[in-house]
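Here the structure is laid out as structure tokens; the discussion comes afterwards.
Here, each number is a calculation from the coordinates, and none is a lab measurement. A quick note: this is a predicted structure, and the numbers were derived from the prediction, not measured. For neighbour counting, all protein chains shown are included, and Cβ atoms are generated from backbone atoms with ideal geometry for every residue, glycine included.
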Amino acid sequence: MFGLNPLQFIFRLLIGADQPRAVAGGLAIGFFIGLTPGWPLHILLACLLLLILNVNISAAMIAMGLAVSLSWLFDPVINAIGSLFLQDIQALHSFWTWAYNNPVLAWTRFNNTMVMGALISGGISAILIATVGASLLIKYQTSWVAKLKNFKVFKWLQRSILARAYAWLAGGA
């Protein structure tokens, strides 16, 4: 039931069923993956991390979709960041020459200003999303989940035919 997976993620997030650090980690890695154009080597490594680490894959998918949808808004800034690191910082030119001649590092496509800018801005954003997101989710789960579960609308939704049908389709009871 992959089509209902985002709905299940949102519902599980609202009731506090998932670990906040796992959700924040999934959001961070997903945003990092979605921000970079194409499939350079560092994105494949991030996908591997997504599978190895204990992160929420649904959160990563939602963050990837959001980052891909909004990345065109950030393209000028990302390109400027990549250009700054690749062209304007003279001290890095010898490193870029060495990296360009290295066959493995060439797979990262680092010499593209968009890829370099996405690598830098995505890395910084991922760190911020992981740390701030985890602390916000922990605060949410400690203060709002119990209150949310007491709302009549929430109780009604849990007992509704739609919730039972979804549980049956998803393989639950």
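For the reader, a short list of remarks on this structure follows.
- Full extension of the chain between VAL68 and LEU48 yields a length gain of 5.3 nm, computed as 0.36 nm times the residue separation minus the alpha carbon distance.
- The charge dipole of the stretch 2-169, taken about the Cα centre with unit charges on the Cβ atoms of Lys, Arg (+1) and Asp, Glu (-1), comes to about 1080 debye, rounded to the nearest 20.
- Fully extending the segment from GLN87 to ILE120 would add 10.4 nm, taking 0.36 nm per residue of separation and subtracting the current Cα-Cα distance.
- Among PHE74, PHE151, the ranking by other beta carbons within 10 Å of each residue's beta carbon, starting with the fewest, stands as PHE151, PHE74.
- Among TRP72, TRP39, the ranking by other beta carbons within 10 Å of each residue's beta carbon, starting with the fewest, stands as TRP72, TRP39.
- The slack between TRP98 and LEU41, meaning 0.36 nm per residue of separation minus the straight C-alpha distance, is 18.8 nm.
- Residues THR108, THR36, sorted so that the one with the fewest Cβ neighbours within 10 Å comes first: THR108, THR36
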